[in-house]
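Throughout, read-outs are computed from the coordinates displayed, never taken from laboratory work. Computed from a predicted structure; not experimentally measured. Ideal geometry is used to build each Cβ from the backbone, glycine not excepted, and the neighbour counts take in all protein chains shown.
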Amino acid sequence: MEDKLVIKDVEFRSRLWVGTGKYKDFEETKKAIEASGADVVTVSVRRVNITDRKSENLLDYIDPRKYKILPNTAGCYTVEDALRYSRLAREAGISDLVKLEVIGDERTLFPDTIGLLKATEVLAKEGFIVLPYTNDDPIMARRLEDAGAAAVMPLGAPIGSGLGIRNPYNIRIIIETAVKIPVVVDAGVGTASDAAIAMELGCDAVLINTGIAGAKDPVAMASAMKHAVIAGRLAYRAGRIGKKLYATASSPIEGML
Amino acid sequence: MRFLFFMRLKINGETVENLQAATVGELLDTLRIERGKVAVEVNMSVIKKQDYERFLLSDGDAVEIVNFVGGG
């Protein structure tokens, strides 16, 4: 059976999405993305260096015809900034996709969900496909859906922390009862098992940047994440066994000597 | 023939003097910036690519030219 991810008419080939920050250079970025099998890559919007025109462009390495470019509004602490960056991103890019971040605090980079909700509402009305980076609160996820979000991106743990899925129960509630739109776990995935856990919970996709870019061998980790996401998704669809405190023998008692 | 006019613009936060660019399109050419991969904002408003040639710049305008960089 086909198991395709569709977010507001946009079809995705992979359930692993990857970031492009923190790599050593563009060459390493490219190799890691290829190894990950991802067809979605996140990018940020920043000023062009107008004095040094020789500096290379990320899009020289990541072909927008091959990958879906998902611009973020990382670094935005106000609704106004998030809207401004989103509108610039749409003009610089080729799609209406935006990974919306309205950050509330520098140390944790936790989302300011009140600002996030306002910005989601405005951008959805402007025709953006809004994917808000939010916390693991099911009620906020529902509010974002009501405001026009095309998917929600709850955090597993703080951005870049590698702490894994800290609240799997809330993530499950978001998936099972809070929203009908796709759920993409964003942030906190530190290693392959974290990605598998997110997918086993029933997430539609996982977005990873630091977990890959910060690994000793980013290209190898990208491959590990690819397999973990595939395995986790298959396990979710296969339906895991229930957990029990005591043993049940796998081998028959009958026929024993 | 167009009247040559040397302007002062604030580009990406830096003041740039003696610019000879009447439109956003000419400014990008002057700065040797490829149009396909950037977005331009003049005084906080995004300028659409199809308007680059006709959007006239004025002395003192604040211009932002952005592109995509690595990010999560």
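At 1.567 mPa s and 4 °C, plugging the Kirkwood radius over alpha-carbon pairs of the stretch A:217-257 into Stokes-Einstein gives what diffusion coefficient in µm²/s?
Working: Rh = 13.8 Å.
Calculated translational D: 94 µm²/s.
For chain A, the longest principal axis of the Cα atoms and the long axis of helix A:26-36 meet at an angle of about 30 degrees.
Taking every residue in B:37-44 and counting other chain Cβ atoms within 10 Å of its Cβ, the average works out to 4.
Using just the helices of chain A, give the 222 nm mean residue ellipticity in deg cm²/dmol: DSSP H runs with n ≥ 4 each add -39,500 (n - 2.57), and the total is spread over all residues, rounded to 500. Each step should come with its number before you reach the end.
Values: 8 runs with 87 residues, N = 257.
One gets -10000 deg cm²/dmol as the mean residue ellipticity at 222 nm.
Enumerate the aspartates and glutamates that A:Lys66 could reach by cross-link, defined here as Cα to Cα under 12 Å, with residues fewer than 8 away along the same chain left out. Once the sequence-local aspartates and glutamates are set aside, what remains near A:Lys66 is A:Glu34, A:Asp39. The angle between the Cα long axis of helix A:79-92 and the longest principal axis of the Cα atoms of chain A comes to about 80 degrees, rounded to the nearest 10. Legend: mean number of C-beta atoms from other chains within 10 angstrom of residue C-beta atoms, peptide A:39-45, equals 4.
Of the peptides B:43-56, A:139-152, A:181-194, the order by per-residue mean of other Cβ atoms within 10 Å, starting with the highest, comes out as A:181-194, A:139-152, B:43-56. Each other residue within a Cβ distance under 12 Å of A:Ala92 adds +1 if Lys or Arg and -1 if Asp or Glu, for a net charge of +4. Entry for the protein assembly as shown at q = 0.13, 0.14, 0.16 Å⁻¹: log10 I(q)/I(0) = -0.94, -1.06, -1.30, Debye formula applied to identical alpha-carbon scatterers, no solvent contribution.
Of the GluC sites (Glu not before Pro) in the stretch A:1-69, the ones in a loop by DSSP (not H, G, I, E or B) with at most 11 other beta carbons within 10 Å are A:Glu2, A:Glu56. The protection proxy used here, the mean number of other Cβ atoms lying within 10 Å of each residue, ranks peptides A:238-245, B:9-16 as follows, highest first: B:9-16, A:238-245. Could you let me know the centre-to-centre spacing of the stretch A:52-86 and the stretch A:109-178, using Cα atoms, in angstrom? Rounded to whole Å, the Cα centres lie 20 Å apart.
Peptides A:122-135, A:216-229: what's the order by average Cβ count within 10 Å, highest mean first? Please report the intermediate quantities before stating the final value.
On the way: A:122-135: 21.2, A:216-229: 19.2.
So the order, starting with the most tightly packed, is A:122-135, A:216-229.
All C-alpha pair distances within the stretch A:1-139, sorted into 10 Å bins from zero, spread as 11, 38, 37, 14, 1, 0 percent across the bins.
Pairs of alpha-carbon atoms within less than 8 angstrom and 6+ residues apart define the contacts here; what relative contact order does chain A have, in percent?
Values: 503 pairs, mean separation 46.7, N = 257.
The normalised contact order for chain A reaches 18 percent.
Computed over neighbours whose Cβ is under 10 Å from that of A:Val40, the net charge equals +3, Lys and Arg +1, Asp and Glu -1.
Per residue, the average separation of C-alpha pairs within less than 8 Å and at least 6 apart gives chain B a relative contact order of 37 percent. Panel values: the stretch A:42-93, Kirkwood radius from alpha carbon pairs, Stokes-Einstein at 20 °C and 1.002 mPa s, translational diffusion coefficient 175 µm²/s. Counting Cβ atoms of other protein chains within 10 Å of each residue's Cβ and taking the mean over peptide A:211-220 gives 0.
Please pull out the direction-averaged projected area of chain B, using the convex hull of its alpha-carbon atoms, in nm² to one decimal place.
On the way: hull surface 21.7 nm².
Over all viewing directions, chain B projects a mean Cα-hull area of 5.4 nm².
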